[in-house]
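Just below is one structure, and these are the notes that go with it.
The values are calculated or read from the model by the stated rules, or taken from the named source; none is laboratory data. What you are looking at is a predicted structure, and each value in this text was computed from that prediction instead of being measured. Cβ placement follows ideal geometry from the backbone for every residue including glycine, while neighbour counts extend to all protein chains displayed. Heavy atoms of the whole protein, side chains included, go into the accessibility calculation; ligands, DNA and RNA do not. Shrake-Rupley method; radii C 1.70, N 1.55, O 1.52, S 1.80 Å.
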Amino acid sequence: MNNFYLIVLAAGKGTRMGGTRPKVLRTIAGKPIIYWCLDLFTSIGMDNIIVVVGYKSADVIKKISSYGFKVEFIKQNKQLGTAHSVRVALKTVPEKIKNVFVVFGDDSALYTKKTIKDFISCHLKNRSKATLMITKSGNSQSVGGLEINKKGQVVGVLQRGKEIRGGKKIVVLCGAFCFQAKWIKEFIHQVPKTKSSGEFPLPGIIAVAKMNKVRVNTFLLKNKIEWNSVNTTEELRQSQVKKMSLLKL
């Protein structure tokens, strides 16, 4: 883990969920979502952790600090998307670090230690410049999908709300990514801005990799209960149910 830095994206508001509470401070199984994320990664020995904060940053910092987690906070003054959050955080990642693990702080409360360790092993074994965690669960209507080939490599992107046709092998992108640090530092700036929101979304790195003829590998999350997007109050409820099931194991 000494060659890894973890970047947790926790700057969002969660507009679609209503209210004023930052999304990562919504609770699952009695604790904020961000607690479960940080508890997991610290438990597997991930010591180098950056948490990118933005919306109501003081509240997020205070809550995380109250649990005693040793992390570095970086503030994203303007919420310009997840790729922009990563760009901000990468400025503090030392040059000697070889790999960066990026995780969305709002949908990372369900992963198990084994899954994260296996994901990291997959990334290192394949010597990938970019590895994405995916799942076959296509129930969420709030995220898009990916088309993959027989080797598990990404060959196409399906935007949210688009209809899936033609019997293609479509999977859903989870909010977890592994990158070679040197590569992501060089190419994160090429992620394009979306016309609809004016933000720079991290999944845009897929198009950047394809443009630069870089293979994007995937890691399949087989246990669907370990991931759930959290963009609506209904999805938060689903995550609550799944977390309670996992805690009983």
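Here Pro22 meets each of (1) over 30 Å from Ser128 (Cβ atoms); (2) open to solvent by 30 Å² or more (accessible area, probe 1.4 Å) with one exception, condition (2).
Scanning segment 189-203 for residues that are touching a helix residue (DSSP H, G or I) at 6+ places or on another chain (Cβ under 6 Å) and in contact (Cβ under 8 Å) with a residue 60 or more places away in the chain yields Val191, Phe200, Pro201, Leu202.
For segment 21-79, a residue qualifies if it is within 21 Å of Lys91 (Cβ to Cβ) and of a type in the set (Ser, Thr, Tyr), and the qualifying residues are Tyr55, Ser57.
Listed here are the strands (runs of 3 or more DSSP E) enclosed by segment 26-133 that have at least 3 residues being open to solvent by 10 Å² or more (accessible area, probe 1.4 Å): 72-75. Taking every residue in segment 204-233 that is over 12 Å from Val171 (Cβ atoms) and pairing it with any residue that is part of a helix (DSSP H, G or I) and of a type in the set (Lys, Arg), at least 6 positions away or on another chain, the pairs with Cβ-Cβ distances below 6 Å are Ile225/Lys242; Asn228/Lys242; Asn231/Arg16; Thr232/Arg16. A residue that is touching a Phe, Trp or Tyr at 6+ places or on another chain (Cβ under 7 Å) and at pLDDT 95 or above occurs somewhere in segment 56-64.
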